[in-house]
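First up is the structure itself, then whatever we jot down about it.
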Amino acid sequence: MFRKLTQGIIKWLTDERANNEIPLCDFERIRYELRPCDVLLIEGRSRISEVIKQITQSSWSHACIYIGRLHDVDNVALRKKLEKQFNGDPNIQLVIEGYLGKGTIVSPLENYKHDHIRICRPRGLSRQDAQQVTAFAIHKLGTDYDMRQIFDLARFLVPWSILPRRWRSSLFVHHAGQSTKTVCSTMIAEAFACIDFPILPVIKQHEESGVELYARNPRLFTPRDFDYSPYFEIIKYPFVSFLESPYRHLPWNRQGLMSQDGVNIIDPMMDMDKPKKKRKLRLKNKNVSTIVENPEIEQEMQAELKALDQQSILIETSPESRTTKTTLFSMILHRFSIG
């Protein structure tokens, strides 16, 4: 009876409302850019998610760790253990998470395609250490979810409480061996602690070394701490990105001009292997014709030749007049340095 009641409460707490809005992030871009050991923060839509948001004063209610695909796990034994927990397509991208009612499980990344996601990437993490973090998370598979820890964390974080924050609290109980229960953020914090990777360390002055770092209690970590940590890069891929294909917004010349030498701008349609042809203007004047190679004097020459044609003193039928006209035309060409 008590078990059924507990399961009913858990189902009510974890039931997610329908998401009718377009997510703020670009899921396809996120799945393309992810690396093993990236921490994913999720803005959940369940009742327990809303409670966690209120307690932590953050938009992030859940955290999971990305381990990649099955072939991204180098250790064969760990890969087989992972296959026992997940028997789907080996090319599916996977995360390990602590989930209320299910414990620590491996899930497809696809489960969060409709949620708001943020990537927290550990800075400078080596491949060898990344494999150790992944191994720690895989070893945690099957661990129960610690609902008591959530309750005690709520007591610890809220500014007021009927009971003293540390009284009978599971947060400060030291376990000689590995804990049999955990929550999402604690499991991830412990995974990074096993390689001495800092999240939010306590820094104290030290007489010899100058400063000394102290690890925080992993049970006190919440999803927002990975967002706040200076040792994780925060990566966002908004659904509408102003930086999408930035090269398409460069101020390119749209007239097809280009440079061959980095200095001069030319029209690529012109044949650069041949000498540049000068524009030619053929002027005909009855019995005399010539080629004008300078287009800038076109209008002036046309005007003088027109005046020459209109001179009433020249008679076309007279050979002498033709000679006179030819002489005058030659003089015009000579004046413009043509011929």
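Just so it is clear, none of the values below were taken in a lab; they were calculated from the coordinates. Worth saying up front: this structure is predicted, and the values here are computed from it rather than measured. Note that each Cβ is placed from the backbone with ideal geometry, even for glycine, and that neighbours are counted across all protein chains shown.
Quick grid of which residues meet (1) farther than 16 Å from Y112 by Cα; (2) assigned to a loop (DSSP other than H, G, I, E, B); (3) touching an Asp or Glu at 6+ places or on another chain (Cβ under 6 Å); (4) among the acidic types (D, E):
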{"residue": "A18", "(1), (2), (3), (4)": "no, yes, no, no"}
{"residue": "P23", "(1), (2), (3), (4)": "no, yes, no, no"}
{"residue": "I30", "(1), (2), (3), (4)": "no, no, no, no"}
{"residue": "R35", "(1), (2), (3), (4)": "yes, yes, no, no"}
{"residue": "I42", "(1), (2), (3), (4)": "no, no, yes, no"}
{"residue": "I48", "(1), (2), (3), (4)": "yes, no, no, no"}
{"residue": "V51", "(1), (2), (3), (4)": "yes, no, no, no"}
Among residues of region 53-90, those that are over 21 Å from A189 (Cα atoms) and not in a helix (DSSP H, G or I), counted: 8
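Listed here are the residues, each with its yes/no results for (1) in contact (Cβ under 8 Å) with a residue 24 or more places away in the chain; (2) closer than 15 Å to G142 by Cβ.
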position	(1), (2)
T56	yes, no
S59	yes, no
H62	yes, no
I67	yes, no
H71	no, no
R79	no, no
N91	no, no
Y99	yes, yes
